[in-house]
Amino acid sequence: MYRYLDNIDASRVRGMTDGELAVLAAETRDFIINSLAGTGGHLAANLGVAELTCALLAEFDPPRDKIIWDVGHQCYVYKLLTGRRGGFETLRGRGGLSGFPKPDESDYDAFGTGHSSTAVSAALGFAKARDIIGGDERVVAVVGDGAMTGGLAYEGLNNAGRSDTRLIVILNDNQMSISDNVGAISRHINGLRTSPGYIGAKKGVKGFLGRVPVIGGALRRFVKRVKDGARYLLVRGVIFEELGFTYVGPVDGHNISELRAVLRNVRKMDGPVLVHVRTKKGKGFAPAENNPEYYHSVGRFDPETGECERKDAPRFTEAFAGTLARLAERDARVAAITAAMPCGVGLKEFGRRFPERYFDCGIAEGHAVTFAAGLAKGGMKPVFAVYSSFLQRAYDQIVHDVCAQKLPVVFAIDHAGIVGPDGETHQGAFDLSYLSHIPNMTVLAPRHPAELSAMLEFALSLGSPCAVRYPSRADEPGGDVPPVALGEPEVIASGERFAIVSVGAMAEACRAARERLLDEGTRAALISARFVKPINAAFYQKYEVILAVEDNVSSGGFGEGLAAALADMGWRGRVVRAALPDRFVPHGKRSGLLAEYGLSADGVCDLARETFAP
């Protein structure tokens, strides 16, 4: 079917001509469109890096040379060309190909990068290890798709720039950040600065001036001022130069010949180098080019029209979006914050309707939390909507800047629990643990979207730090919602000796399990915890045996907290915990992973039979 892709591997890429690589890039783009149409995945970013990936593999020699992708979801073409084409039909499925770089999947994946802004720091570590041990491999960090909006990227650049070690940073600018091309002057400067003659001349002049007696220092400072003045006029990458990098670019990221020529020259340079590459997100697929945000990550879609599969399950995210907008209409102090995920967390419409109270902080969760603290201290009611695993990056700010000052910041934590295909780095398996132990924090978990609306209103009225955590989709359609009172659970069905206590969206599996037990003659109470913190231990002490079910790791979770609270009261019953294990949860379908870890209706029922047995 494909002229080159059908028999390709990384070693063959290195021997191809520019023309052959251009065809290969087009073939990889076609393959990814048709493959992801059946599996879903990160589409637009990968379409944009086809030529860049081909050029990197033509000029560098991984796995000996280290290529680190940041953000990791732009690595599909790289995987395709490094021997993993056969796994694409299993992409992001249980036991299949990961959607991110994964070192235990392939030696070509130098470093695991699930989130963003980490590659420069990791690459500097690789480069320094090489220098100490005595290697000669090249280290390349490919940074893009918004990663430069994260502060960690600049922490890495700051240290790398002063290191004077051989390191190449590729800034993949797909127009989601970093400004426009400067045109002919930029191309001219780029060609000059990457030529061996220019580098040699610069070193020669510097050495000559250093040998000039008496006036050498003054002359050297004068020439430096002249050079710096010209640089400020002509080179828009001066910020990188000031950080200690040799800046190269912008380079056309879809021109194989230009890319290869630049990479061939920079790989010979000493010291840190930053290559600014311009690409188009969604390149080669009109729907993704026209709407790269929508096609950033997709489910199955029609490869001809781009039309995506629709899912009918009621969404927590939609309930959050509608409720927050309604509350913002009523209270002019309500503000919304996102860390570069306005669509993912449901804030796109809020931003349109309330632009003066909507803030996109970029991929900078730590900044977003402290910014929210400042808003709260200034009299606003900020709501930071964020994915569960992304909020982990702001733990210190939650503790010191929000909770220590008891500021009324609301954390709307989307994608909590098992999220599925994105795997270890994206599962929301830790939020209950890392939030519940912080003083002054209140933690709620709604069981359906209607309850999320009531809890969000409660959180904004509380006047202290509050987190509401929920998955993106609902298994339970919802219904009447009892009033939300601090610490109070909801009894869904009554029982006397035994109780099944669910946390959040685990309620539906627990309900199904209870009904089966009832048919078998075991009557257990069904309770929705609602509050993970505070825990009303007195409410639970009337039961003899409690099965606590949560989609969070067991350590530090609700079940552990409930057992400790009851023990402190002298309760002599037994709490059995159904939770995620003490290991990272891999990628796969949410339903399959829940079943694997005993959190489906079948799993809960089996554990309940064992727990409540005489």
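Tabulated data for the structure shown
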{"item": "Residue, farthest from the chain's Cα centre (by Cα), within region 131-153, restricted to residues that are without any contact (Cβ under 8 Å) to a residue 60 or more places away in the chain and within 17 Å of LYS66 (Cβ to Cβ)", "result": "GLY134"}
{"item": "Region 413-437, residues that are surrounded by fewer than 22 Cβ atoms within 10 Å (Cβ to Cβ) and under 24 Å from ALA376 (Cα atoms)", "result": "TYR434, SER436, HIS437"}
{"item": "Residue, surrounded by the fewest Cβ atoms within 10 Å (Cβ to Cβ), within region 98-130, restricted to residues that are outside any helix (DSSP H, G or I) and β-branched (Val, Ile, Thr)", "result": "THR118"}
{"item": "Index of the failed condition, THR317 passing every other in (1) among the β-branched types (Val, Ile, Thr); (2) modelled with pLDDT under 95; (3) not in a helix (DSSP H, G or I)", "result": "(3)"}
{"item": "Among residues of region 336-345, those that are small (Gly, Ala, Ser) and either touching a Lys or Arg at 6+ places or on another chain (Cβ under 8 Å) or without any contact (Cβ under 8 Å) to a residue 40 or more places away in the chain (or both), counted", "result": "1"}
{"item": "Of all residues making up region 67-82, the number that are assigned to a loop (DSSP other than H, G, I, E, B) and in contact with a Pro (Cβ under 8 Å, 6 or more places away or on another chain)", "result": "2"}
{"item": "Those residues of region 438-452 which are part of a helix (DSSP H, G or I) and crowded, with 22+ Cβ neighbours inside 10 Å, in sequence order", "result": "PRO449, GLU451, LEU452"}
{"item": "In region 242-256, the residues that are aliphatic (A, V, I, L, M) and not in a helix (DSSP H, G or I)", "result": "LEU243, VAL248, VAL251"}
{"item": "Residue pairs meeting the criteria (Cβ under 6 Å; at least 6 apart or on separate chains; first exposed (fewer than 11 other Cβ atoms within 10 Å of the Cβ) and at pLDDT below 95, in region 475-493; second assigned to a loop (DSSP other than H, G, I, E, B) and of a type in the set (Phe, Trp, Tyr))", "result": "none"}
{"item": "Among residues of region 328-350, those that are surrounded by fewer than 19 Cβ atoms within 10 Å (Cβ to Cβ), touching a helix residue (DSSP H, G or I) at 6+ places or on another chain (Cβ under 9 Å) and in a helix (DSSP H, G or I), counted", "result": "3"}
{"item": "Qualifying positions in region 83-97 - free of Cβ contacts under 8 Å to residues at least 24 places away in the same chain and assigned to a loop (DSSP other than H, G, I, E, B)", "result": "ARG84, LEU97"}
{"item": "Filtered residue count, region 413-431, keeping only those that are over 10 Å from TYR387 (Cβ atoms) and assigned to a strand (DSSP E or B)", "result": "1"}
{"item": "Selection within region 598-614 - surrounded by 15 or more Cβ atoms within 10 Å (Cβ to Cβ) and within 15 Å of ILE546 (Cβ to Cβ)", "result": "VAL604, LEU607, ALA608, THR611, PHE612"}
{"item": "Test: LEU259 is within 26 Å of the chain's Cα centre (by Cα), at pLDDT 80 or above and outside any loop (DSSP other than H, G, I, E, B)", "result": "no"}
{"item": "Given (1) hydrophobic (A, V, I, L, M, F, W, C); (2) closer than 24 Å to ILE413 by Cβ; (3) out of contact with any Lys or Arg (no Cβ under 8 Å at 6 or more places or on another chain), index of the condition ALA548 fails", "result": "(3)"}
{"item": "Residue in region 286-295 that is assigned to a helix (DSSP H, G or I), surrounded by fewer than 18 Cβ atoms within 10 Å (Cβ to Cβ) and among the hydroxyl-bearing types (Ser, Thr, Tyr) present", "result": "no"}
{"item": "Near pairs, Cβ below 9 angstrom, 6+ apart or cross-chain, from region 1-18 (under 14 Å from ARG29 (Cα atoms)) to any residue that is in a loop (DSSP other than H, G, I, E, B)", "result": "TYR2/ILE8; TYR4/MET16"}
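To keep it simple, each residue is scored yes or no on (1) crowded, with 22+ Cβ neighbours inside 10 Å; (2) in a helix (DSSP H, G or I); (3) assigned by TED's automatic domain parsing to the domain that holds PRO292; (4) touching a residue at least 60 places away in the same chain (Cβ under 8 Å).
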{"residue": "GLY362", "(1), (2), (3), (4)": "no, no, no, yes"}
{"residue": "THR370", "(1), (2), (3), (4)": "no, yes, no, no"}
{"residue": "GLY379", "(1), (2), (3), (4)": "no, no, no, no"}
{"residue": "VAL383", "(1), (2), (3), (4)": "yes, no, no, yes"}
{"residue": "VAL386", "(1), (2), (3), (4)": "yes, no, no, no"}
{"residue": "PHE390", "(1), (2), (3), (4)": "yes, yes, no, yes"}
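The values are calculated or read from the model by the stated rules, or taken from the named source; none is laboratory data. Predicted model, so just to flag it, every value in this text is computed and none were measured. Note that we place each Cβ from the backbone using ideal geometry, even for glycine, and neighbour counts take in every protein chain shown.
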